[in-house]
Amino acid sequence: QVQLVESGGGLVQAGGSLRLSCAASGSTFSINVMGWYRQAPGKQRELVAGITRGGITNYVDSVKGRFTISRDNAKNTVYLQMNSLKPEDTAVYYCRANSYKSIEYWGQGTQVTVSS
């Protein structure tokens, strides 16, 4: 089992920055890919960014150049640095971890609100 705890959400003005953190505990040796998803009211949850244990990253087009995902394997933590935030980035952000056996784990979510 893997437990994920997110932190770092909050309220920020457009153009501002936030850094989300997701700390994993439990069977962390089993984790391969970690990522951030978000869900805005009335919309489906979408992938924002992902990173493999080896550091390969991918991003949804809407955040490329503004968001950076990183990972500290020694601390079992993944980060999402969000710059130049826009009101449309407002959502609940969820951390997800996938094990090598394709088991999914989710965090509880953290609210990000960007005011215009």
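Quote the convex hull volume per residue of segment 9-116, based on C-alpha atoms, as a whole number of Å³.
Taking only Cα atoms, segment 9-116 has a hull volume of 96 Å³ per residue.
List the aspartates and glutamates whose Cα sits under 15 Å from the Cα of residue 75, skipping any in the same chain fewer than 8 residues away.
Once the sequence-local aspartates and glutamates are set aside, what remains near residue 75 is 6.
So between residue 3 and residue 70, what do we pick up on full extension, going 0.36 nm a residue minus the alpha carbon distance?
Result for the pair: 22.3 nm of gain on full extension.
If you plug each phi of segment 52-65 into the Karplus form 6.51 cos²θ - 1.76 cosθ + 1.60 with θ = phi - 60°, what whole-Hz ³J(HN,Hα) values come out, in order, with x for Gly and Pro?
Once rounded to whole Hz, the list reads 7, 4, x, x, 6, 10, 8, 9, 6, 4, 5, 10, 4, x.
What's the FRET efficiency of residue 13 with residue 60 using the Cβ-Cβ distance as r and R₀ = 22 Å, to the nearest 0.05?
0.45
For the chain, what % of the accessible area comes from carbon and sulfur atoms, probe 1.4 Å?
50
Tell me the relative contact order for the chain as a rounded percent, counting alpha carbon contacts under 8 Å between residues six or more apart.
Over the chain, the number comes to 36 percent.
Given Cβ point charges of +1 (Lys, Arg) and -1 (Asp, Glu) and nothing else, what value in debye, to the nearest 20, does the dipole of the chain about its Cα centre take?
140
Using a 1.4 angstrom probe, figure out how much accessible area the chain has per residue, in square angstrom, rounded to the nearest whole.
Solvent-accessible surface per residue comes out at 52 Å².
Between residue 47 and residue 27, 0.36 nm times their residue separation minus their Cα-Cα distance comes to what?
4.9 nm
The values are calculated or read from the model by the stated rules, or taken from the named source; none is laboratory data. Everything quoted here is computed from the prediction, not taken from an experiment. Backbone-built Cβ (ideal geometry, glycine too); neighbour counts: all protein chains shown. The accessibility values were calculated without ligands, DNA or RNA, using every heavy atom of the protein model including side chains. Shrake-Rupley method; radii C 1.70, N 1.55, O 1.52, S 1.80 Å.
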